[in-house]
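What follows draws every value from the coordinates through simple rules; no lab data is involved. What you see is a predicted model; the values in this text were computed from it and never measured. Ideal geometry is used to build each Cβ from the backbone, glycine not excepted, and the neighbour counts take in all protein chains shown.
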Amino acid sequence: MNNSISVKDLLREIRCSEFVNACQMPMGYTDGYPMFHRVNGKVYLVIPFLRFKVTGEVDKTLVFPIRYTVTAELPTGRIVSFQDLAADSRFRQVDFNKPIGLFRHDAIKELSKQEYQAAKEELYAAYDAVLASLIAGQEPAEDAVKAMAELLSRLAEPCQKPIYQALDSNFCDKFLG
């Protein structure tokens with residue numbers, strides 16, 4: 001079994017996959033930072049999809065709640081589920097048509113576009129390192145987990161944290177704590 005994985009490449013493949021297209025997710029949704037978990041020796045990547053709306057003002061892009069998730073088995077990338085959170089009772093109080101925050105949030109406002117992209121690349125490399133260990137059936141190195149947690153906590157939209165928490169509290173506590 002090949003334990004190497006590129007989360008960035010996998011997200012691109014899933015975004016354009018026939019499966020996701022067949023789910024008829026409305027245009028304008030983009031993938032957010034994925035979560036992952038291990039069940040019965042298999043590793044799954046849960047990709048949240050959300051949308052943004054540009055207002056034309058600097059740092060005033062509207063952020064909407066995560067609405068959809070796609071789950072893929074790793075390392076193959078085989079999609080095993082699609083979920084519309086509007087049909088999930090845990091999210092009955094969420095208005096998916098109402099913005100919940102603004103991009104760029106305080107933790108990243110001082111970053112230039114290049115610095116932000118570099119931080120995202122570093123985060124995806126950290127995902128790859130942690131997931132390679134999990135796929136191999138090992139616990140990830142503490143420094144890889146720490147690096148991923150620091151980067152994800154900084155880059156992820158704070159307004160999305162309650163949704164991440166509801167979707168996977170263990171992941172959220174470990175990486176978005």
- Phi-derived 3J(HN,Hα) across the stretch 116-129 with the Karplus relation (6.51, -1.76, 1.60, θ = phi - 60°), rounded Hz, x for Gly and Pro, is 5, 4, 5, 5, 5, 4, 5, 5, 4, 5, 5, 3, 4, 5
- In order over the stretch 49-54: 3J(HN,Hα) from phi, Karplus 6.51/-1.76/1.60, θ = phi - 60°, whole Hz, x for each Gly or Pro, gives 10, 9, 9, 10, 9, 6
- Which cross-chain or sequence-distant (5 or more) residues have an amide H under 5 Å from the amide H of L102, H modelled 1.01 Å from N in plane? V63
- Sorted on mean Cβ neighbours within 10 Å (highest first), peptides 95-102, 16-23 come out as 95-102, 16-23
- Assuming a ≥ b ≥ c are the square roots of the Cα gyration tensor eigenvalues, decide whether the stretch 1-69 counts as rounded (a/c under 1.5), prolate (otherwise, with a/b larger than b/c) or oblate. prolate
- If r is the Cβ-Cβ distance from E73 to N21 and R0 is 25 Å, what FRET efficiency results, to the nearest 0.05? 0.85
- Note on the structure: Between the residues G28, T69, L10, the Cα farthest towards the positive end of the dipole of the chain, that dipole coming from +1 and -1 charges on the beta-carbon of Lys, Arg, Asp and Glu, is from G28
- So for the pair F96, K42, with labels modelled 7 Å out along Cα→Cβ, what separation do we get in nm? 2.5 nm
- Unsatisfied cross-links (Cα-Cα over 30 Å) in the set K42/K109; K53/K113; K53/K146; K8/K60: K42/K109; K53/K146
- Phi-based couplings in Hz for the stretch 93-105 (Karplus 6.51, -1.76, 1.60; Gly and Pro marked x): 8, 8, 9, 6, 9, 10, x, 10, x, 10, 9, 9, 7
- Cβ-Cβ FRET estimate between A166 and A118, R0 fixed at 30 Å, reported to 0.05: 0.45
- Task: Can you tell me the order of 134-145, 115-126, 154-165, 62-73 when each peptide is scored by its average per-residue count of other Cβ atoms within 10 angstrom, highest first?
- Result: 62-73, 154-165, 115-126, 134-145
